[in-house]
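The values are calculated or read from the model by the stated rules, or taken from the named source; none is laboratory data. The structure displayed is predicted, hence computed values, not measured ones. Heads up, the Cβs are rebuilt from the backbone with ideal geometry, glycines too, and the neighbour counts pull from every protein chain shown.
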Amino acid sequence: MQDIIVAANALITTFKELKELSEKADNVKLKTHILTMNEQILNMKEIGLEYRDENITLKEEIKRLTSFEGRELKLKNRAYYDKDNHGPYCPNCYDNDRQLILMAQTGVIFRYQCRKCEYGIK
Ligand SMILES: [Zn+2]
């Protein structure tokens, strides 16, 4: 996915060329639209920056909420359980990414399966 700020900067570059052409055209209505468009593009870029910052914060929060953070885990039946016996948490996600992903009870091929990586235990 292309970064929204990179896309906005490309739009601004094209817009500047359009603005130069409008100045040569000597058309008041066109210049007014160009100025309005300039404000709209800058506003859009500002919103994009806010979304990007919020997205970074949310990703960090998800990682924190699903990470180890002091939980006492024990390995039982090829999956992790916490000290209150909550689980099973996916051993594949925990061992590779330090993320605690609660496995879903499926009862089909596997007894439990990870919702993220689809690792299964029987
Ligand atoms: Zn997993």
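Could you check, for the stretch 11-33, whether at least one of its residues is part of a loop (DSSP other than H, G, I, E, B) and either exposed (fewer than 15 other Cβ atoms within 10 Å of the Cβ) or among the hydroxyl-bearing types (Ser, Thr, Tyr) (or both)? Yes, that holds for at least one residue.
Within the stretch 101-119, residues that are within 10 Å of TYR89 (Cα to Cα) and assigned by TED's automatic domain parsing to the domain that holds ARG78 reach partners that are more than 7 Å from the ligand (Cβ to nearest atom) and in a loop (DSSP other than H, G, I, E, B) with beta carbons closer than 7 Å, at six or more positions or on different chains, in the pairs ILE101/THR66; ILE101/ARG115; MET103/PRO88; ALA104/ARG115; TYR112/PRO88; TYR112/THR106; GLN113/THR106. Of the strands (runs of 3 or more DSSP E) lying entirely inside the stretch 48-122, those containing at least 1 residues that are touching a Phe, Trp or Tyr at 6+ places or on another chain (Cβ under 8 Å) and surrounded by 15 or more Cβ atoms within 10 Å (Cβ to Cβ) span 79-81, 103-105, 112-114. In the stretch 77-95 there is no residue matching the filter, namely being touching a Lys or Arg at 6+ places or on another chain (Cβ under 9 Å) and under 30 Å from VAL6 (Cβ atoms). Among the residues that make up the stretch 82-90, is at least one of them more than 8 Å from the ligand (Cβ to nearest atom), under 21 Å from ILE62 (Cα atoms), hydroxyl-bearing (Ser, Thr, Tyr) and in contact with a strand residue (DSSP E or B) (Cβ under 8 Å, 6 or more places away or on another chain)? Within the stretch 82-90 (the criterion being more than 8 Å from the ligand (Cβ to nearest atom), under 21 Å from ILE62 (Cα atoms), hydroxyl-bearing (Ser, Thr, Tyr) and in contact with a strand residue (DSSP E or B) (Cβ under 8 Å, 6 or more places away or on another chain)), the answer is yes, since at least one residue qualifies.
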